[in-house]
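Since the structure comes first, as structure tokens, the remarks are kept for the end.
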Amino acid sequence: LPHPPATTQRTTHRTSPSQPPLPAPLPTPLPPPRAPGFRDVQSAGFRDVLTAVPADKRGDSLLLRADDTVFSNISTAWKVCAALSCRLGCVALSAEGEQACFLTHERGQSWTPALPQLAVKAVQARLAAASDPEIPRNPNETQETPRVGFASFGTEERYYLRWESGVHDWVADDICSREIRRKPVQQVAFGAQWGSYLILYKDGSVGWNSLPAGMDRALRARTPECARLRDAALGPAGEWWLAYADGTHAADGLPPDLADAVFSRERAGHEITHMGFGAEGSWLLRCSERSQAVQGLLRRAD
């Protein structure tokens, strides 16, 4: 069931003197520092056979920077989906504390142990209600197991879950909660501060509060003639991303390896379908190969 908005912020918790000295050896270059538990940028190099794209069978790929637990969970789910011919759905990273992830597929959803407990309890409550024969089923639920269509996590235990049946669960500040109730929501992104959020509605409109200055300016500069906002992300370190339906995007604060990944994928003719930021500098990037027609238009535009 929907959780009431939280009312308090969570506190987080020598040489010998008888001999001439030998010449000093040349210093050995040290490898660049590397955060413990992090893998290099990884790419899942297989295709998702049921990706919801046209019949030209574009490939769906995922690049990820995360610790071993998150990387293993997402990679395993992706491979299992490929083997069972089912599509990997939403993938979301936690925003604070130990790294964690939440993902869905056509058989349900899974998560790693460090996922915020308020969100875990919300998911478990929905699943328990669906399996209880005494509780009437939502008529919009076509699967035996309810499935989350979109998930996002923020600092201070905030989260948003939109179920495919149309119901949603969240924890957020009062203003954000009021805006979520206004009309059908497509996505919610949470910023670094308690009252920072962006809501993308299904009708294409956008609501936001206390965003990074550059993101706020980019949104205010939009006019009715601008392309529709398609994807948005906020991170716990102030990073942000806006992607539009015409293929353009705006961003700031991206880690260098993520910025390089975006550039290389776009030059290869891929479309960035979703970006996510997580705790400890983790990130994910989902891409889909553009159709040959779109690639031809881009080449002519260059």
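Worth pointing out:
- Among (1) modelled with pLDDT under 95; (2) crowded, with 17+ Cβ neighbours inside 10 Å; (3) closer than 30 Å to residue 281 by Cα - the single one residue 106 does not satisfy: (2)
- Where a residue in region 107-126 is of a type in the set (Lys, Arg) and its partner, wherever it lies, is part of a loop (DSSP other than H, G, I, E, B), with Cβ under 7 Å and at least six apart: 107/86; 126/146
- Within region 156-195, tally of residues that are surrounded by 23 or more Cβ atoms within 10 Å (Cβ to Cβ) and not in a strand (DSSP E or B): 4
- For region 111-119, the count of residues that are within 15 Å of residue 146 (Cβ to Cβ), in a strand (DSSP E or B) and touching a Cys at 6+ places or on another chain (Cβ under 9 Å) is at least one.
- Selection status of residue 81, open to solvent by less than 10 Å² (accessible area, probe 1.4 Å), over 19 Å from residue 159 (Cβ atoms), modelled with pLDDT under 90 and part of a loop (DSSP other than H, G, I, E, B): no
- Subset of region 241-271 [open to solvent by less than 60 Å² (accessible area, probe 1.4 Å), modelled with pLDDT of 90 or more and assigned to a strand (DSSP E or B)]: 241, 242, 243, 244, 250, 251
The values are calculated or read from the model by the stated rules, or taken from the named source; none is laboratory data. It should be emphasised that the depicted structure is a prediction, and the values quoted were computed from it without experimental measurement. We place every Cβ from the backbone using ideal geometry, glycine too, and count neighbours over all the protein chains shown. For accessibility, only protein heavy atoms count, side chains too; no ligands or nucleic acids. Shrake-Rupley method; radii C 1.70, N 1.55, O 1.52, S 1.80 Å.
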